[in-house]
Amino acid sequence: MIIVKAILKINSNAKFAVRGTDIDTCEIEWHDNTTPISKEDIKAQIPIVEAEIEQEKQNAINKKASGKQKLLDLGLTEEEVKALIGV
């Protein structure tokens, strides 16, 4: 999945298939006249993609905490908030 996201970060219109999960050993089959992207270029994008994934996870945590606080600010009890959002 990381490899796919890295490729799409370089070329969002790329058509391809990836077999394997390790960039060094995977096979990438390029389709529909997509210009092949070197594994080195893909490798360079992987840390960026990983950081973006971690940021998305953190954003989701932050949004949930913000929503919880807003419900508490509206006067709901901790128990009511927990019943609504499971936190």
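The values are calculated or read from the model by the stated rules, or taken from the named source; none is laboratory data. Owing to the predicted nature of the structure, the values given are computational and were not obtained by experimental measurement. Note: ideal-geometry Cβ built from the backbone for every residue, glycine included; neighbour counts use all protein chains shown. Ligands, DNA and RNA are excluded from the accessible area calculation, which covers all protein heavy atoms including side chains. Shrake-Rupley method; radii C 1.70, N 1.55, O 1.52, S 1.80 Å.
Starting from the residue with the highest accessible area, list T25, T77 in decreasing order, probe 1.4 Å.
Values: T25 110, T77 60 Å².
Reading off the accessible areas and sorting them downward yields T25, T77.
Which percent of the accessible area of the chain is formed by carbon and sulfur heavy atoms (probe 1.4 angstrom)? All intermediate terms of the calculation are to be shown ahead of the outcome.
Numbers: 3270 of 6280 Å².
For the chain, the apolar C and S fraction of the accessible surface comes to 52 percent.
Tell me, what ³J(HN,Hα) does each residue in the stretch 5-19 have, in order and in whole Hz, if you take phi through Karplus 6.51 cos²θ - 1.76 cosθ + 1.60 with θ = phi - 60° and put x for Gly and Pro?
My calculation for the stretch 5-19 gives 5, 5, 4, 5, 5, 6, 9, 5, 9, 4, 10, 6, 10, 10, 10 Hz in order.
Per DSSP helix of 4 or more residues, -39500 (n - 2.57); summed, then divided by the residues of the chain. What does that give at 222 nm, rounded to the nearest 500? Mind dumping the intermediate values first?
Numbers: 3 runs with 52 residues, N = 87.
Per the formula, -20000 deg cm²/dmol.
For the chain, what is the accessible area per residue in Å², given a 1.4 Å probe and the full set of protein chains?
Values: 6280 Å² over 87 residues.
Heavy-atom SASA per residue in the chain reads 72 Å².
Quick one: among D73, D22, D41, which has the greatest mean-square fluctuation in a GNM of the chain with alpha-carbon springs under 10 angstrom?
Looking only at D73, D22, D41, the biggest GNM fluctuation is shown by D73.
Near K43, which lysines are there with a Cα under 16 Å away, not counting those fewer than 8 places off in the same chain?
K5, K9
Based on the mean of other beta carbon atoms within 10 Å per residue, what is the order of 63-70, 1-8, 45-52, most packed first? Let's see the in-between values first.
Values: 63-70: 12.1, 1-8: 16.5, 45-52: 14.1.
Descending packing order for the listed peptides: 1-8, 45-52, 63-70.
In percent, what relative contact order does the chain have, based on Cα pairs under 8 Å that are 6 or more apart in sequence?
23
Explain nothing, just the number: dipole magnitude of the stretch 1-57 about its Cα centre with +1 on each Lys and Arg Cβ and -1 on each Asp and Glu Cβ, in debye rounded to the nearest 20. Kindly include the intermediate steps, with their values, before the conclusion.
Values: 7 positive and 11 negative charges, 25 e Å.
Dipole size: approximately 120 debye.
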